[in-house]
Structure formats: C-alpha cells, structure tokens
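What follows is a single structure, written as structure tokens, with notes after it.
The values are calculated or read from the model by the stated rules, or taken from the named source; none is laboratory data. Remember, predicted model here, so these are calculated numbers, not experimental data. No Cβ is skipped: glycine too gets one built from the backbone with ideal geometry, and neighbour counts run over all protein chains shown. Each accessible area value is taken on the protein alone, full model and side chains, heavy atoms only, with ligands, DNA and RNA left out. Shrake-Rupley method; radii C 1.70, N 1.55, O 1.52, S 1.80 Å.
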Amino acid sequence: MQRFITDIAIVGAGPSGMMLAKLLHNAGIRAILIERQPMQHVLTRIRAGVLEQGSVNLLTQAGVGARVAREGQRHSGFMLSYGDDQLRIDLESLVNSEVTVYGQTEVTKDLYNALNADGIVILDHASETAVIDLDTEQPAITGVRDDGPFEVRAQFVVGCDGFRGIARQAIPESVRTDYERIYPFGWLGILSETKPANHELIYASHPNGFSLCSMRSERLSRYYIQCSLQDTVDEWSDERFWETLKSQIPQDIAQSLETGPSIEKSIAPLRSFVCEPLQYQRLFIAGDAGHIVPPTGAKGLNLAFSDIHYLSSGLISYFHSGDETGLNGYSDKALKRIWKSERFSWWMTSLLHKFESEDTFAEKMRRAEFEFLCQSRDYQRALAENYIGLPY
Ligand code: APR
Ligand code: PHB
C-alpha cells in the first residue's frame, strides 16, 4: 500500500479540483488529487466555452490567466433569435460587462500545465476510489492504480469528482437532499473547422427545436441542436445535422453558413441538479459533484469556479489563522449563488426549447416572452446581469 499524507485530498482532477489545488498551493497549502481517468482523457474532453469575468479573474488570481488574456475572445453581446426575428443582447450597454469565449478544454490544459510546473501530485487512472474515516481528524481517500492500492490521508477531503463521482454519496442520505429535473431532450453538438456563423453566439429558438451557434476560434465552430434522448450519434450524419441547423436559425445566417465535416460529434442530456448540503464533517463538495445546470447559458464551469472561490478562501483562512468561519459558511454561501444560476439556466432552457407533448399554448407563451424581451430593456438587463455572472 502506497501512503500519502497531505493537507487536502481532492477527488477529481477536472477544472474544479485543479483550480482548488492551484489556489491552495499558491497559499502554501498542500493538496493531492485523485483522478479516475488518465489525464490524457481529462485534457481532451470538449465542454462549453463561455467564461464570466469572475472566472477569468479567478484564473488570473491563480496565476493561470496569461493564455486566456491573450487568446480568449471578448464578446460584448450575443444574439437571441426566434425564427427569423433577432434580438441582440448588448452586454456592454446593458450591464457594462463582457464575457470571454475560451473553451473549457483550454482552461483544463492551462491548469494542468500549471499544476505540473508546481509539482502538484495527481494520482490519475485510479479505480475503486472511496472516502473513508470522515468522522475522524484524518479522513482519507483510498483507491487502486496500476502499481497497487494507495491511501491519501488529509485534514479535509474535497469532492470535485463531477456528477457521477463518489464523494457526494459519502454524505449520508439522512442529511442529504438531492433536487433534480431531467429535461425531455438532449443537445447534439459538433465541432467543425469552419468559419463561425456569426462573430457572436446565436441562441436560436424555433418551433421545431433549439439551436446554438458558438465558436472556439476564427476557423473552429461549435454548433448544437436540440435532439431526442433516444437519438444516437450514428443517426445524425453531418448532412442531416447541417440541414436541421440551417432550418432552425435565422435565414440570413443560414444562407451564408459555412459547413464542413465534423471533427467531433456527441449527444449530452440536459439536467438540473443540486445536492444540499455541500459539506459533511470533513468533506466538502464543489463543482459538478454538487450541482448540474443545463448548458443553456454556459453556467456549469463558471458555477464550479465560484464554489472554488468560496471554498479556497475558507480553507486558506483556516490554515493561515485557524478561522473556521469561511469553512462553516461554505455550503450556505455557495448554495445561494448556485440556486440563482440554476434558476437562470432553467429559465433560459424553458424559453428557448421545444418541449415534447406541450400544448399550443406553451409555444405562444415562449413567443410572447421573446417579444416582451425585445421591447423591454429592463427585462434584457435582467438576462444580461445573469449571463455575465452574478457577483461572488
Ligand atoms: N474518483 C476519482 N475521480 C473521479 C471519480 C472517482 N470516483 N469520478 C469522477 N472523477 C473525475 C472525472 O473523471 C473528472 O475528471 O472527476 C472529474 C470531474 O470533472 P468535471 O466533471 O469536469 O467536473 P468539475 O471539475 O466540477 O468541472 C465543472 O463545468 O461546464 C461544466 O460539466 C462541465 O466539466 C465541467 C464542469
Ligand atoms: C459552447 O461553445 O460550447 C457553448 C456556448 C454557450 C453555451 C453552451 C455551450 O450556452
């Protein structure tokens, strides 16, 4: 058995776990990460690509902000469309802010390179991970790697192991409540080496379903269309994808759309989920392990980073001055922001998607809401305020 002793043991080396380890390391606090997948796999996963200013600030504060500052695209607005009707949400004039388009894959790479440079240990490709001894002063994470079993003992354990992780399950059901909503559709996403449809994102609602035109760079586009949960990627040829997308976005955009072969294609279900509380004894939960939002509005990573902001400051105060206030308040404070982002992501999802088996009244309500948005700067401002990210 390989034994490690550290200050904080972190399950999961996605963006949450790596950001936490980096901020702790900068403050002189030791952490070890335990990751189920080989890091090569973690580094190539494709996820959403819009960063709130708070997330960019956190990357900068962690000393990992150089590339996002250089390569991230600053967007001062985005488009909402309903059929051929278009409304630009002008983030700059409405709320005097912007968002940064920069893929989560790049955020993950930047964090990983920084952790490597700092010599922070990641025990990757670990199976049979378990959280043990939570009711003692020295909880631990155990698991097995190619070279045999290991144990990481620490003062605190943090679960950053995503929705399918094990850490959350260590909170007994008698104290834990899970809140969940599963949407009756998924998103089929493709990546293609083509010029983006527009210089800003387009969230397009249509009586046949939702589409999103996004991007990674001048020659790399990311598109999504709403699909059935029963659909498989094989049923969606590139031709069928492009035809459907073109029929659901405004015609002037569709006419000039550059299409090409997809270099990635995948289907993701849409879910809202929150676990309460996010702390139990010496265990803290952060990021997707504690909550999931549907991708409409791109809040997933941003919400994970606000958790990490609260948790890292709580841990740093505790280790530097013995002050437990931040740690004790972590769950309540993080959940307040989480629920507001849950509400926004649910609202944007409801506004833009077609729901199976809905009546004709529902479609009329979405249309009326879109038209009200078009005429009310106040309503647009509320949308913009949420989109750029609520304050930490
Ligand atoms: N043991 C160790 N690691 C695990 C285990 C386990 N039992 N289960 C899952 N993991 C790992 C996953 O392999 C993954 O690398 O935990 C990591 C969790 O990473 P993410 O799912 O990316 O979650 P998080 O780091 O909280 O990132 C926030 O924002 O946009 C959203 O979903 C998107 O990934 C994104 C998230
Ligand atoms: C993406 O670019 O992948 C993306 C952008 C905005 C979203 C979701 C995903 O709301």
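Side notes on the structure shown:
- Test: residue in the stretch 30-49 that is at pLDDT 95 or above and within 16 Å of ligand 2 (Cβ to nearest atom): no
- If you check R271, R181 for being modelled with pLDDT of 95 or more and within 16 Å of ligand 1 (Cβ to nearest atom), only one passes: R271.
- For the stretch 57-103, a residue qualifies if it is closer than 30 Å to L373 by Cα and either assigned to a loop (DSSP other than H, G, I, E, B) or at pLDDT below 95 (or both), and the qualifying residues are G72, S76, G83, D84, N96, S97, E98, Y102, G103.
- With respect to the conditions (1) at pLDDT 95 or above; (2) within 11 Å of ligand 1 (Cβ to nearest atom), F156 lacks only one, and its number is (2).
- Restricting the stretch 50-61 to residues that are more than 10 Å from ligand 1 (Cβ to nearest atom) and of a type in the set (V, I, T), the residue that is nearest to Y387 (Cα to Cα) is V56.
- Yes/no for H291 being open to solvent by 10 Å² or more (accessible area, probe 1.4 Å) and either over 19 Å from M19 (Cα atoms) or in contact (Cβ under 8 Å) with a residue 12 or more places away in the chain (or both): no
- Single residue of S256, S266, S221 found to be away from ligand 1 (no atom under 16 Å from the Cβ) and surrounded by fewer than 22 Cβ atoms within 10 Å (Cβ to Cβ): S256
- There is no residue in the stretch 125-145 that is open to solvent by less than 30 Å² (accessible area, probe 1.4 Å), closer than 30 Å to G297 by Cα and either over 26 Å from the mean Cα position of the chain (by Cα) or in contact (Cβ under 8 Å) with a residue 24 or more places away in the chain (or both).
- The residues in the stretch 203-222 that are within 10 Å of ligand 2 (Cβ to nearest atom) and closer than 15 Å to T296 by Cβ can be counted, and the count is 5.
- Checked against (1) under 18 Å from the mean Cα position of the chain (by Cα); (2) more than 16 Å from ligand 2 (Cβ to nearest atom); (3) open to solvent by less than 50 Å² (accessible area, probe 1.4 Å), N57 passes all but condition (3).
- Selection of the stretch 346-366 for residues being out of contact with any Pro (no Cβ under 9 Å at 6 or more places or on another chain) and either over 23 Å from P269 (Cβ atoms) or among the acidic types (D, E) (or both) yields E358, D359, T360, F361, K364, M365.
- Unmet criterion (only one of (1) within 11 Å of ligand 1 (Cβ to nearest atom); (2) assigned to a helix (DSSP H, G or I); (3) open to solvent by 10 Å² or more (accessible area, probe 1.4 Å)) for R47: (2)
- Of all residues in the stretch 154-202, those satisfying the criterion of being of a type in the set (K, R), away from ligand 2 (no atom under 16 Å from the Cβ) and open to solvent by 50 Å² or more (accessible area, probe 1.4 Å) are R164, R181.
- Qualifying positions in the stretch 24-42 - within 16 Å of ligand 1 (Cβ to nearest atom) and open to solvent by 20 Å² or more (accessible area, probe 1.4 Å): R36, Q37, P38, Q40, H41
- Among residues of the stretch 94-108, those that are within 16 Å of ligand 2 (Cβ to nearest atom) and open to solvent by 30 Å² or more (accessible area, probe 1.4 Å), counted: 2
- Residues in the stretch 8-28 include none that are in a loop (DSSP other than H, G, I, E, B) and β-branched (V, I, T).
- Pair list, Cβ under 7 Å, 6 or more apart: the stretch 298-324 residue over 28 Å from Y203 (Cα atoms), other residue open to solvent by 10 Å² or more (accessible area, probe 1.4 Å) and among the charged types (D, E, K, R): Y310/K333; S317/D323; Y318/E324; F319/D7
- Any chance G209 is on the phi > 0 side of the Ramachandran plot, in contact with a Lys or Arg (Cβ under 8 Å, 6 or more places away or on another chain) and open to solvent by less than 10 Å² (accessible area, probe 1.4 Å): yes
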